[in-house]
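Encoded as structure tokens, here's the structure I'll be asking about.
The values are calculated or read from the model by the stated rules, or taken from the named source; none is laboratory data. What you see is a predicted model; the values in this text were computed from it and never measured. Because the Cβ atoms are built from the backbone with ideal geometry, glycine has one as well, and the counts that use them run over all protein chains shown.
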Amino acid sequence: MKKIISNDIVTLRSLEATDLDTLYRWENDSWLWTTANIMSPSPKSYLWQYLQNYDSDLYNSRQLRLMVTLTTTAEPVGTVDLNNFDPFNNRAELGIMIDKAHERKGYAGEAVKLITGYARDYLGLFQIYALVPVDNTACAQLLKHHGFTTSGVLKKWINHGTEVHDVEMLQLLF
């Protein structure tokens, strides 16, 4: 099987039915809820339906969600998404999540390199943007290291409990 979105460190692959337990664990970890705009825990039956009905055709669903796995072991370590795909303006929003147990190992950076290369070279996008909470400096630094630049700050953009936080809008132009 040829892996089209892969390097020696990570592989980006389609979601599979076998990802149900991993996605259930991640989707129900409240530390993700703020940035993922999740309001409550997700039942396993909902995630099963999502996997069964997931349409990976970016032009049809306007979203591409890929599992980030280790190339040598195929162990899932996170997800990377292209959301809010706009084919008229050739842009999409980037989302990335790396499991806490695998943070600070370089996997997020490798996934960003792969997904941005895929978006530019295969999908023909003109830009990718990301909305990063201003207190998530590690994510902002990671994206800036890979060519993203700050284009603005959206004030009071996301709710986090009783607080409302600003987000930094970062763009990568091709």
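So Lys44 fits all but one of (1) surrounded by 17 or more Cβ atoms within 10 Å (Cβ to Cβ); (2) modelled with pLDDT under 95; what number is the exception?
So the condition that Lys44 fails would be (1).
Right, next: Test Asp121 against the stated conditions and say whether it is loosely packed, with under 12 Cβ neighbours inside 10 Å and touching a helix residue (DSSP H, G or I) at 6+ places or on another chain (Cβ under 8 Å). Before you say what the answer is, go through the steps one by one.
On the way: loosely packed, with under 12 Cβ neighbours inside 10 Å: yes; touching a helix residue (DSSP H, G or I) at 6+ places or on another chain (Cβ under 8 Å): no.
So Asp121 fails the test.
Now for a separate question. Residue check: is Leu12 touching a strand residue (DSSP E or B) at 6+ places or on another chain (Cβ under 8 Å), at pLDDT below 90 and within 23 Å of Gln171 (Cα to Cα)? I'd like the intermediate steps shown before the answer.
Working: touching a strand residue (DSSP E or B) at 6+ places or on another chain (Cβ under 8 Å): yes; at pLDDT below 90: no; within 23 Å of Gln171 (Cα to Cα): yes.
Criteria not met by Leu12.
Can you name every one of the strands (runs of 3 or more DSSP E) wholly within the stretch 94-174 that holds 2 or more residues which are more than 29 Å from Ile4 (Cβ to Cβ), at pLDDT 95 or above and of a type in the set (Val, Ile, Thr)? Walk me through it before giving the result.
Working: elements: 127-133, 149-160, 163-173.
Because the criterion is at least 2 residues that are more than 29 Å from Ile4 (Cβ to Cβ), at pLDDT 95 or above and of a type in the set (Val, Ile, Thr), the strands (runs of 3 or more DSSP E) in the stretch 94-174 that meet it are 149-160.
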